[in-house]
Structure formats: structure tokens, C-alpha cells
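These notes concern the structure reproduced below.
The values are calculated or read from the model by the stated rules, or taken from the named source; none is laboratory data. If you're wondering where the values come from, they're calculated on a predicted model, not measured in any experiment. No Cβ is skipped: glycine too gets one built from the backbone with ideal geometry, and neighbour counts run over all protein chains shown.
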Amino acid sequence: MDNKFPGKDISISDLKTKIPLCAKKNKNHKSIVKVKNISFGGKEIPVLAGPNTVENLKMIDKVGYCLKQNKISGMRGGAFKPLTFPYRSKKYFETKLDGLNWLEQTKKKYDLIVTTELMDIKYIDDVCLATDIIQIGTRNMQNYPLLTECAKTQMPIMLKRHYGSSLRDWLGAAEYILSEGNNKVILCERGISVPHTHRSTSRFLLDLQVIPALKEISHLPIISDPSHATFWAPWVESMTLASIAAGCDGLLIEIHPDPKNAAVDPLQPLNFKQFKNLMNKSRKLAKVFSRKIV
């Protein structure tokens, strides 16, 4: 059914004229984004795990070792950290180029694929050299000049959904990347703003329904970020397992060797023991759907 005026729902007209590159060509159309030897969108469910902030080399090395021990191939970590408010302190800090260097060292040492968020175009060459996936954070989802420049690198791009955007808005942003000839787009659901989140410290709600909704109309792979969405470590396990059951094509999990003393957002990271237990459960569940956690 078509609609004459723009709205939150995607019309047949939208699929043909506004997001034709995002839209499925037929019901079996499915894109697989390969990052080195890891695939997003196929039978594998890659996990990208790590801290919100790359605090120092010793800490990120511990994370890399943990991932290798658990046979996980991907690491995430923020060298550049956007905060809701502009004020920083000794606790809330960014390591910037040092952080990128530490990510690159850990990536090579443990043979991992790595993603980090790019916020400023002046760092694009540095991020491309140090990592394997450019992460566009929620606040920059509709920063079209940034999307266009990132697309031109031909690097894989993880596009996180803005917490106030519809699926229509999100795919419109993805279309900017695809229209530059870069088809290596991975979408990431990270929680939306709603009136009630069931806990005073949780700002967002993980939209599991968007996973099957997106798969109905788009061929792009979609991963889930239950850590940022719930903002509460005790809920991460259930939302991770629910994401797998919903059909996600990857997971973004926040882990830290000492969550209580994390530089940013200490309420949401899992410690290494919790992460190990979660990966064991995730592998069992993925097997039910003939898929594999990597």
C-alpha cells in the first residue's frame, strides 16, 4: 500500500524512489558483508566486544586476550568518545590517536577485526589504517557529509540507528552510503527513546522488532547492541539471546576487565566471566537456528 505524504512507515513508493539501493530486489535478496575472513549477513553471527573507551594499552590487551580465549574474532573500543554533555574530567576522557594505536597493536597481536567510532572527518585516514570497520555513532546517523566521505573510503561501515529515528530515516541514511558505490553497510540497532524503559538509569529500549521488520524490506545485515540499549549489565544476557532468536546478523557487546571502574558507563559492561558464560549460551542458541557465533 502506498502513501502520498512522508511518514514514519515505509511505502512502496519509498522502496522504489527513495531507498531503492537498500530495498530487496526479491524475497531471497540478502547481502553479505565480508570483513577479512568474517561475514555479516550469512550463517555466522560475528561478535564485536570490548570497552566503551580504550583507556590504556594494558586494558585493551586484556580484552584482546579474553576475546581470543573465547574464540571471538571481533573487538570494539572507543578511541573517540562522544558524551551527551560537553564537560569532561579525569574519569571521562578520550585517548584519541593513542587509543587508535593501542587498538591496532591489539588487533595485530590477537588477529582480530576491529571497529571504532569516527566522529571527525579529520581522523578518517587514521581510523581507516587502524581498524577494519568504521562505526558511525547514533548522533551522526544523519550527518550526511560524514557518511559520504566515509563511503568513499570503500571501508565496511557500521551505521548505528539514532535513538529517535524510524526505520525509514535509518535506511535513508544508509542509502547515502550505498549511493556512493559502497555496498559494505552493516546496520546496528542500539535502542530507541520511549516513555518507559523499566529502570530509571536506562535511557533506551532495544527494538527487537526492527530486526524482522528490516529483513522484510532490506537486504542489508543488521546487528544488535544490547549493552547500550539496556544500559544495565544484568539485562544484557537476555537481550543478547533474544536478538539471536530475532535473527540478528551480529552482536556488539560491551566488556571490561573491571566494569565498576570503567572510564565511561560503568553500569553496562560485562566482566570477562559474564562474557564467557554469555558466549557459551549464545553458541547453544545459535546452533538451534543453524548459525554460528564467531
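Would you mind telling me which numbered condition in (1) touching a strand residue (DSSP E or B) at 6+ places or on another chain (Cβ under 6 Å); (2) more than 23 Å from VAL47 (Cβ to Cβ); (3) in contact (Cβ under 8 Å) with a residue 40 or more places away in the chain; (4) not acidic (Asp, Glu) VAL210 fails?
Checking VAL210 against (1) touching a strand residue (DSSP E or B) at 6+ places or on another chain (Cβ under 6 Å); (2) more than 23 Å from VAL47 (Cβ to Cβ); (3) in contact (Cβ under 8 Å) with a residue 40 or more places away in the chain; (4) not acidic (Asp, Glu), the one that fails is (2).
Could you check how many residues of the stretch 199-225 are among the hydroxyl-bearing types (Ser, Thr, Tyr), over 19 Å from GLY164 (Cβ atoms) and in a strand (DSSP E or B)?
Within the stretch 199-225, residues that are among the hydroxyl-bearing types (Ser, Thr, Tyr), over 19 Å from GLY164 (Cβ atoms) and in a strand (DSSP E or B) number 1.
Is it fair to say LEU112 is buried (at least 21 other Cβ atoms within 10 Å of the Cβ) and either on the phi > 0 side of the Ramachandran plot or touching a Cys at 6+ places or on another chain (Cβ under 6 Å) (or both)?
no
Which one is nearest to the chain's Cα centre (by Cα), of the residues in the stretch 136-170 that are within 23 Å of ARG76 (Cα to Cα), assigned to a helix (DSSP H, G or I) and of a type in the set (A, V, I, L, M, F, W, C)?
Once the filter is applied, the top-ranked residue is TRP170.
Search the stretch 118-132 for residues being surrounded by fewer than 24 Cβ atoms within 10 Å (Cβ to Cβ) and under 15 Å from the mean Cα position of the chain (by Cα), and hand back the single one that is farthest from GLY191 (Cα to Cα).
ASP132
Please list, ordered by residue number, the helices (runs of 4 or more DSSP H) wholly in the stretch 1-110 having 2 or more residues that are over 24 Å from LYS122 (Cβ atoms) and of a type in the set (Ser, Thr, Tyr).
So the answer is 12-17.
Mind checking which residues of the stretch 171-222 are over 17 Å from PRO156 (Cβ atoms) and hydrophobic (A, V, I, L, M, F, W, C)?
Listed by number, the residues that qualify are LEU171, ILE192, VAL194, PHE204, LEU205, LEU206, LEU208, VAL210, ILE211, ALA213, LEU214, ILE217.
Please list, ordered by residue number, the helices (runs of 4 or more DSSP H) wholly in the stretch 226-294 having 3 or more residues that are over 16 Å from GLY77 (Cα atoms).
Correct list: 233-246, 272-288.
Considering the stretch 232-266 alone, what residues qualify as being at pLDDT 95 or above, surrounded by fewer than 17 Cβ atoms within 10 Å (Cβ to Cβ) and either under 15 Å from SER202 (Cβ atoms) or acidic (Asp, Glu) (or both)?
Scanning the stretch 232-266 gives PRO234, SER238, ASP258.
ALA174 versus (1) touching a residue at least 60 places away in the same chain (Cβ under 8 Å); (2) farther than 26 Å from THR84 by Cβ; (3) within 17 Å of the chain's Cα centre (by Cα); (4) assigned to a helix (DSSP H, G or I): which is the lone unmet condition?
Here ALA174 meets the rest and fails (2).
Please verify whether LEU251 is in contact with a strand residue (DSSP E or B) (Cβ under 7 Å, 6 or more places away or on another chain), more than 29 Å from HIS219 (Cβ to Cβ) and among the aliphatic types (A, V, I, L, M), treating the condition exactly as stated.
So LEU251 does not fit the description; no.
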